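The values are calculated or read from the model by the stated rules, or taken from the named source; none is laboratory data. Worth saying up front: this structure is predicted, and the values here are computed from it rather than measured. Note that each Cβ is placed from the backbone with ideal geometry, even for glycine, and that neighbours are counted across all protein chains shown. What goes into the accessible areas is simple: the full protein's heavy atoms, side chains included, and nothing from ligands, DNA or RNA. Shrake-Rupley method; radii C 1.70, N 1.55, O 1.52, S 1.80 Å.
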Amino acid sequence: HRYLSAMAKRTDLLDKKKVLKSIRSMPDKFSVDDVVDRMIILEKLERAIADSEAGRTFTLAEAKKRHAKWLK
């Protein structure tokens, strides 16, 4: 019961319909690694969309300034 209520509060969960749609678009045969990779990408895209919609983004110039040490 405690586990289920903790899961219900999580905001980083994937939507079952989107997961199934993604799996249906895969070839008839695939590996477990293929599915895991697909789910990781789907989760990252969902998180990026949510960040964008919430205004948690940077312009390219801001990103370059913040990460200048990495761009050398």
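Residue-level check: of (1) open to solvent by less than 80 Å² (accessible area, probe 1.4 Å); (2) modelled with pLDDT of 85 or more, Ser5 misses just (2).
Suppose the filter is more than 11 Å from the chain's Cα centre (by Cα), among the aliphatic types (A, V, I, L, M) and surrounded by 10 or more Cβ atoms within 10 Å (Cβ to Cβ); does Leu20 pass it? Yes; evaluated as a whole, the condition is true for this residue.
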